[in-house]
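Undergrad: What follows is a single structure, and I will ask about it in a moment.
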Amino acid sequence: MSEKTKTQSRREPRGKHKPPVRKIPWFKVGWGVLGALLIISLSVWFFLTWYNVNEYCTRNPSAQSVRVGLTGPAFLSIGDESEFLVTVVNERSTAAEVSVDLRYAGASLCHTTAGESQRVRFGLIQPGERSTREIDVLFPACLEGAVSQNWLGKQVEFEVWLTVDTQPPERIDVVPLGIAPLPKARTLGKWAGGWLASLALWTGKELWDQIKKTAQFST
């Protein structure tokens with residue numbers, strides 16, 4: 001064996017080849033993170049929207065020939081105002097002065113005592129007339145001492161009281177409403193919708209730019 005071959009054998013021992021360096025596919029990682037972010041954002045938006053779009057409708061009870069209907073959110077969002085639609089129909093043959101009270105059936109609301117009410121005055125309703133009013137009910141978020149007065153995921157009740165002319169108020173229905181599991185669920189739902197729309201638009205723009213770059217390389 002020549003001296004040159006011996007020298008090469010000493011410098012390049014068998015079994016000690018340098019392994020190839022694997023590069024991290026940052027492009028794939030980035031799109032994977034973006035896809036996961038989209039899925040999480042969509043899930044959060046669906047979760048909040050489900051609690052915001054569900055509605056509760058009363059059985060349209062009547063008393064003294066006046067029918068009352070109440071439509072509102074099935075879940076109250078702590079710290080947000082909830083919109084309720086109160087509808088009355090005068091089924092009498094004469095006009096009637098009508099008002100409807102929504103009374104809290106219990107002391108589960110902060111700064112609110114049992115029997116405190118939200119009153120809707122309809123004024124004089126003609127025979128056969130149908131009238132609708134909208135009211136906003138704030139379900140507050142607060143603590144009294146170390147005890148939370150508003151429990152997430154629990155129920156509260158509103159009593160519906162009807163007053164016709166000079167007659168004493170009459171309770172005609174009890175409305176059970178749940179409390180959304182997250183405070184400010186209505187506000188958070190709007191924010192989540194805006195964030196999801198922005199993220200989807202940005203993702204679509206980046207994907208379109210990537211498609212155009214791929215098309216240019218292929219030509």
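The values are calculated or read from the model by the stated rules, or taken from the named source; none is laboratory data. Source: prediction; values computed, not measured. In this analysis, Cβ positions are derived from the backbone assuming ideal geometry, glycine residues included, and neighbour counts consider all displayed protein chains.
Undergrad: When the residues of the range 171-180 are filtered to those that are surrounded by 14 or more Cβ atoms within 10 Å (Cβ to Cβ) and either at pLDDT 85 or above or under 20 Å from the mean Cα position of the chain (by Cα) (or both), which remaining residue is farthest from S93 (Cα to Cα)? Full working, then the answer.
TA: Initially, the range 171-180 is screened for residues surrounded by 14 or more Cβ atoms within 10 Å (Cβ to Cβ), giving 171-173, 175, 177-180.
This time we only want the ones that are either at pLDDT 85 or above or under 20 Å from the mean Cα position of the chain (by Cα) (or both), so: 171-173, 177-180.
Values: R171: 23, I172: 21, D173: 24, L177: 34, G178: 38, I179: 41, A180: 43 Å.
The selected residue is A180.
Undergrad: Still on this structure, I have one more. Applying the selection to the range 172-205, what residues are charged (D, E, K, R), touching a residue at least 60 places away in the same chain (Cβ under 8 Å) and outside any loop (DSSP other than H, G, I, E, B)?
TA: Let us first name the residues in the range 172-205 that are charged (D, E, K, R), namely 173, 184, 186, 190, 205.
From the residues that got through so far, the ones that are touching a residue at least 60 places away in the same chain (Cβ under 8 Å) too are 173, 184, 186.
Across the range 172-205, the qualifying residues are D173, R186.
Undergrad: When residues of the range 58-85 are filtered for being at pLDDT 85 or above and of a type in the set (V, I, T), how many remain?
TA: The total comes to 3.
Undergrad: Turning to a different aspect of this structure: Among the numbered criteria (1) touching a helix residue (DSSP H, G or I) at 6+ places or on another chain (Cβ under 6 Å); (2) at pLDDT 80 or above, which one does N90 miss?
TA: Status for N90: all satisfied but (1).
Undergrad: Would you point out the residue of the range 131-156, among those that are modelled with pLDDT of 70 or more and loosely packed, with under 12 Cβ neighbours inside 10 Å, that is nearest to S77 (Cα to Cα)?
TA: Per the criteria, the residue is D136.
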